[in-house]
Amino acid sequence: MLISLKNIHKSYTIGSGSYLALKGVNLQIEKSEFVAIMGPSGSGKSTMLHILGCLDTPSEGTYHLNGKNVGTLNDNELSTIRNSQIGFVFQSFNLLPKFSVLDNTMLPFLYSDVPKNERKKRAVESLEKVGLGSKLDNKPNQLSGGQIQRVAIARSLVMKPNIILADEPTGNLDTKTGDEVMDIFSRIHSEEKATIIVITHEPEIAEYTDRTIMLKDGLIVNDTKSA
Amino acid sequence: MDFIDHITISFTSLRSNVFRTFFSTLGIIIGVMAVVALLGIGKSAQRSIELSFDSFGSNSIYVVPGQQSDNFGPPNLADTFTLSEVDRFIDYPKKYIEGIAAQTFTNFRVQYGNTTESQTILGSHGDYIEIQNFEAEYGRLLTKKDSDQRAKVALVGPDLIEDFFNGENPVGKTMRINGTSFTVIGVFKKKGTSSFDNPNDDIMIPFTTYSQYLVSGDNLSLVSVEAIDPKFVEQAKDETRSILRKIRGVGTNQEDDFTVRDSGEILSSINQITGIFTGFLSSIAAISLLVGGIGVTNIMFVSITERTKEIGLRKSIGAKNRDILIQFLTESIMVTLLGGIIGICVGIILSFIASKLLDLPTEIYLDAIGLGVLFSVIIGLIFGIYPAQKASKLNPIDALRYE
Ligand SMILES: Nc1ncnc2c1ncn2[C@@H]1O[C@H](COP(=O)(O)OP(=O)(O)O)[C@@H](O)[C@H]1O
Ligand SMILES: [Mg+2]
């Protein structure tokens with residue numbers, strides 16, 4: 001089992017009170033699954049994804065990643081997991097505006113022990129996979145929204161992670177470019193055998209995946225595998 | 001992440017904000033500039049003082065008439081030594097003293113050809129030439145015979161060839177000092193100069209001649225004594241005191257009516273004065289460095305706030321707290337180092353100009369450069385660590401959400 005969440009709670013302190021964003025989530029995801037997480041706004045989707053990505057820690061419950069209890073790891077160990085095992089794709093892209101497409105893609109290498117002479121080659125490979133092999137030296141502001149998100153996907157791929165986590169990756173894109181982005185995820189899923197978890201609002205996007213998890217008020221209310 | 005990566009990231013970020021980078025370095029530029037200029041000018045001044053004392057030598061003792069209470073001050077001009085006192089001192093049997101000289105000087109109008117100018121005329125007596133290590137460039141030096149004969153001869157400084165003798169070798173020529181004809185018998189070799197003491201444009205004549213033709217009376221303002229060896233300076237001073245007390249008839253219970261000092265004492269009191277001066281100016285430099293440092297802290301906070309999302313992103317792709325800390329520390333050190341390098345350049349130029357204006361020898365300020373670099377790196381470190389630490393401790397989720 002790649003991912004195993006047991007009784008995950010997450011509470012945020014707001015002022016003097018606290019708000020429970022996750023209220024006991026149990027979830028198991030196998031290696032190479034392609035999963036969509038859906039649910040109304042505020043239902044806890046992002047919170048759950050951050051916990052899965054070791055960016056945040058649960059207030060209660062245990063998270064086993066590859067059989068390892070994440071709750072026992074320190075800051076540096078979590079950083080290493082984020083770097084080598086997980087690739088993030090955000091709704092708002094989060095590219096560094098001053099850096100070229102190639103440099104943005106190579107960013108994760110900075111925090112890795114990938115030898116320097118391999119970095120450029122691997123980044124170019126990633127960019128070719130998302131169809132941007134010809135834009136290496138462009139700055140993000142010279143690209144369209146769809147292209148920017150493809151750079152972010154290439155960046156999430158360079159470290160060859162086990163898991164790719166995408167938080168509404170098509171949320172800022174029109175339907176056509178959104179479909180292009182999802183096509184890329186599908187292809188990566190079938191070619192790389194990576195585990196991909198995508199948060200989305202749109203049922204059409206969820207159709208690209210093999211499994212749809214519905215969240216509501218911090219709990220999983222539905223979990224269906226499609227054909 | 002290695003050193004080159006950190007430098008590259010910092011450079012990219014600084015370059016994208018050239019204007020702000022420059023302004024954040026301004027305080028450091030001024031501070032380091034002050035440090036470097038100070039050190040440079042201070043060093044030149046010190047060097048020039050040492051140079052002027054080098055020409056006397058470390059076994060020199062000075063005797064001025066009158067009681068000087070403080071370490072360093074003008075002699076009382078009313079008190080003098082007479083020629084006969086000095087001659088008795090010279091003839092007195094001595095154990096630790098090998099040379100005695102006396103001198104006095106005044107400015108007189110000197111006429112050569114069609115030019116008449118005011119020049120410093122130095123009347124010298126005793127072993128003056130030997131103690132001060134004069135050597136002849138042209139002609140000869142003054143001798144005891146010149147002194148005994150009250151000869152109207154003059155030894156002139158090398159600078160006067162250009163400044164006064166129209167570039168000609170003046171040996172054998174005649175000039176008029178205060179109306180009296182003198183023959184130039186020699187030009188001495190150029191001596192080390194300082195702003196305090198430039199003998200190279202003096203005219204030197206025997207004191208006997210000086211007192212006969214130029215001023216009435218035989219009053220000498222300074223007696224210099226040379227110990228037989230630098231290690232006997234103290235004994236030579238004691239000997240000087242006891243002989244001069246006898247010659248000047250100072251009673252057993254009376255205090256000396258003259259003051260004996262060695263060159264080391266004079267040097268250290270001058271150093272004390274320049275020390276106070278540089279100490280005062282260094283505190284100004286320190287204040288500008290402090291203000292500059294606070295400016296750097298400020299600018300780093302602005303930069304970190306602007307780049308909160310970037311910090312969140314870097315953490316989400318695997319940056320450790322330490323990576324973020326070093327990234328921003330590198331950036332602040334690069335800012336201060338840049339300011340430091342500019343400050344060093346400007347400071348060197350300033351001290352170069354200042355030493356030219358003040359006619360001090362120009363020194364190479366290697367330690368000033370080292371100190372400038374060291375200061376700017378340390379300030380970058382001290383004033384960058386707090387913002388960098390804050391940046392490194394940001395929660396990645398909060399940082400990513402920051403708008
Ligand atoms: N850092 C936070 N502090 C306080 N409340 C938060 C924080 N992050 C999320 N929340 C709250 O937790 C709930 C779930 O948020 P989120 O996981 O972002 O929802 P979703 O992604 O499903 O829209 C929301 O009500 C949100 O306001
Ligand atoms: Mg969300």
Inset, instruction - Report, for segment B:128-218, the % of DSSP beta bridges that are antiparallel, rounded to 5. - result: 70
Inset, instruction - Quick one: divide the alpha-carbon radius of gyration of segment B:79-256 by 2.2 N^0.38 Å and tell me what you get. - result: 1.10
Legend entry - Karplus-derived HN-Hα couplings along segment B:304-312 (A = 6.51, B = -1.76, C = 1.60, θ = phi - 60°), whole Hz, x at Gly and Pro: 5, 4, 4, 10, 4, 4, 4, 4, x
Legend entry - Rg and Dmax of segment A:141-225, Cα atoms only, in Å: 13.3, 42
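For segment B:166-317, what number results from the quotient of the Cα radius of gyration and 2.2 N^0.38 Å?
Details: Rg = 31.2 Å, N = 152, 2.2 N^0.38 = 14.8 Å.
Here the answer is 2.10, to two decimals.
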Legend entry - Reach of A:K120 by Cα under 17 Å, taken over lysines that are not fewer than 8 positions away in the same chain: A:K129, A:K135, A:K139, A:K160
Inset, instruction - Enumerate the calculated ³J(HN,Hα) couplings along segment B:93-109 in order (Karplus 6.51 cos²θ - 1.76 cosθ + 1.60, θ = phi - 60°), each rounded to whole Hz, writing x wherever the residue is Gly or Pro. - result: x, 10, 10, 10, 10, 10, x, 9, 9, 9, 8, 7, 8, 8, 8, 10, 7
Inset, instruction - Using only the alpha carbons of chain B, determine the length spanned along each of the three principal axes and report them from longest to shortest in whole angstroms. - result: 100, 58, 32
Inset, instruction - Just need log10 I(q)/I(0) for segment A:129-176 at q = 0.25 Å⁻¹, Debye formula, equal scatterers on the alpha-carbon atoms, no solvent, rounded to two decimals. - result: -1.05
Inset, instruction - Shielding by partners for B:304-317, please: the mean number of other protein chain Cβ atoms within 10 Å of each residue's Cβ. - result: 5
Inset, instruction - Any lysines with Cα under 24 Å of the B:K43 Cα? List them, leaving off those in the same chain fewer than 8 positions away. - result: B:K190, B:K191, B:K356
Legend entry - Antiparallel DSSP beta bridges within chain B, as percent of all bridges there, nearest 5: 85
Inset, instruction - State, as an integer percentage, the relative contact order of segment B:159-311 based on alpha-carbon contacts under 8 Å between residues 6 or more apart. - result: 10
Inset, instruction - Using all C-alpha to C-alpha distances in segment A:2-121, build P(r) with 10 Å bins and read off the rounded percent in each one. - result: 11, 36, 33, 17, 3, 0
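Helix check for chain A. Which DSSP H runs span at least 15 Å along their own axis by Cα, with a mean Kyte-Doolittle hydropathy no less than 0.0?
On the way: long enough: A:116-129 (21 Å, -2.11); A:145-157 (18 Å, 0.23); A:175-192 (25 Å, -0.81).
Correct list, ordered by number: A:145-157.
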Inset, instruction - Would you mind checking which residues have amide H under 5 Å from B:V153's amide H? H placed 1.01 Å from N; only 5 or more apart, or other chain. - result: B:T183
Inset, instruction - Quick one: which residues, 5 or more positions from A:K216 or on another chain, have an amide H under 5 Å from its amide H? H modelled 1.01 Å from N in the peptide plane, none for Pro or chain starts. - result: A:V221
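Compute the longest continuous run of chain A that contains no exposed GluC sites (Glu not before Pro); treat a site as exposed when its DSSP state is not H, G, I, E or B and it has at most 15 other Cβ atoms within 10 Å.
On the way: sites that count: A:E30, A:E207.
Answer - A:31-206.
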Inset, instruction - Report in % the part of the accessible area of the protein assembly as shown that belongs to carbon and sulfur, leaving out ligands and nucleic acids; probe 1.4 Å. - result: 55
Legend entry - Convex hull of Cα atoms in the protein assembly as shown, direction-averaged projection (nm²): 44.1
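Give me the percent of Cα-Cα pairs in segment B:1-40 that sit more than 16 Å apart, rounded to a whole number.
Numbers: 422 of 780 pairs.
Every Cα pair in segment B:1-40 considered, those over 16 Å come to 54 percent.
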Legend entry - Volume of the Cα convex hull of segment B:286-403, divided per residue and given in Å³: 98
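Ignoring ligands, DNA and RNA, how much accessible area is buried between chains B and A, both sides summed, with a 1.4 Å probe, to the nearest 100 Å²?
Numbers: alone 20320 and 10990 Å², together 29150 Å².
Roughly 2200 Å².
Calculate how many DSSP beta bridges within the protein assembly as shown are antiparallel, expressed in % of all such bridges and rounded to the nearest 5.
On the way: 63 of 88 bridges.
Percent antiparallel among DSSP bridges in the protein assembly as shown is about 70.
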Inset, instruction - Treat each spin label as a single point 7 Å out from the Cα along the C-beta direction, and report the B:I353 to B:L366 distance in nm. - result: 2.7
Inset, instruction - Could you list which residues have their amide H under 5 Å from that of A:H9, counting only those 5 or more apart in sequence or on another chain, with H placed in the peptide plane? - result: A:G24, A:V25, A:S59, A:E60, A:G61
Legend entry - Per-residue HN-Hα couplings for segment B:208-225 [Karplus 6.51, -1.76, 1.60; θ = phi - 60°; Hz; x = Gly/Pro]: 4, 5, 4, 6, 7, 9, 9, 10, 7, x, 9, 9, 10, 9, 8, 10, 10, 10
Legend entry - Listed residue pairs exceeding 19 Å between alpha carbons, taken from B:K309/B:K393; A:K6/B:K309; A:K176/A:K225; B:K95/B:K237; A:K98/B:K309: A:K6/B:K309; A:K176/A:K225
Inset, instruction - Might you tell me the accessible area per residue for the protein assembly as shown, computed with a 1.4 Å probe and given in Å²? - result: 46
Legend entry - At 1.567 mPa s and 4 °C, Stokes D of segment A:75-227 from Kirkwood alpha-carbon radius, µm² per second: 81
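The values are calculated or read from the model by the stated rules, or taken from the named source; none is laboratory data. Model, not experiment: these values are computed from the prediction. A quick note on method: Cβ atoms are made from the backbone with ideal geometry, for glycine too, and the neighbour counts reach across all protein chains shown. These accessible areas exclude ligands, DNA and RNA; they are computed on the full protein's heavy atoms, side chains included. Shrake-Rupley method; radii C 1.70, N 1.55, O 1.52, S 1.80 Å.
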